[in-house]
1. Inside the stretch 93-120, can you point out the residues that are of a type in the set (S, T, Y) and buried (at least 16 other Cβ atoms within 10 Å of the Cβ)?
2. Got at least one residue in the stretch 26-44 being more than 19 Å from N125 (Cα to Cα), at pLDDT below 90 and loosely packed, with under 10 Cβ neighbours inside 10 Å?
3. Within the stretch 67-86, is even one residue touching a Phe, Trp or Tyr at 6+ places or on another chain (Cβ under 9 Å) and modelled with pLDDT under 90?
4. Quickly run through the stretch 7-32 and pick out the residues that are aromatic (F, W, Y) and in a loop (DSSP other than H, G, I, E, B).
Amino acid sequence: MLGIGLLRQQEAVWNFARGEILLGQYRHKLCSRGHRTWCRRVILQDDTTIPPHSEVNLSTSVQYGDLSGVNLKGSTDWVTEARQLRPGVHVSRTVVPERSEDAPVRVANLMEDPMLIRAGTIVANLDVAEV
């Protein structure tokens, strides 16, 4: 969701006819999500403990909502959404390599204690990106 403050700050141009929004100098394609809220996401492969005050690459698997959007030529780039995985643990915006297993995703633990993240945890949804 985009707030009006951000849209004004970026001088956003929302072009419904072309199905895109221009934020600053970046053009983003818009798509209808229908009832599904994701089409591609990454999930943690193995239980992982993130040390306090550190950054690590999590080994994730790409999970597809359906295979209709899978590009066999690999010409589409995918990036994680920046989000808080849990209080104090943040997922960085990461370009994910075009593979289904062992896709590294950068996270930071800002807490004083190590954080255990269990296998199967949804780390982030993936968005199409122009790299």
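1. Across the stretch 93-120, the qualifying residue is only T94.
2. The answer is no, given that none of the residues of the stretch 26-44 is more than 19 Å from N125 (Cα to Cα), at pLDDT below 90 and loosely packed, with under 10 Cβ neighbours inside 10 Å.
3. Yes, some residue in the stretch 67-86 is touching a Phe, Trp or Tyr at 6+ places or on another chain (Cβ under 9 Å) and modelled with pLDDT under 90.
4. The one that is aromatic (F, W, Y) and in a loop (DSSP other than H, G, I, E, B): F16.
The values are calculated or read from the model by the stated rules, or taken from the named source; none is laboratory data. All values derive from a computational prediction rather than experimental measurement. Virtual Cβ from ideal backbone geometry, glycine too; neighbours counted across all protein chains shown.
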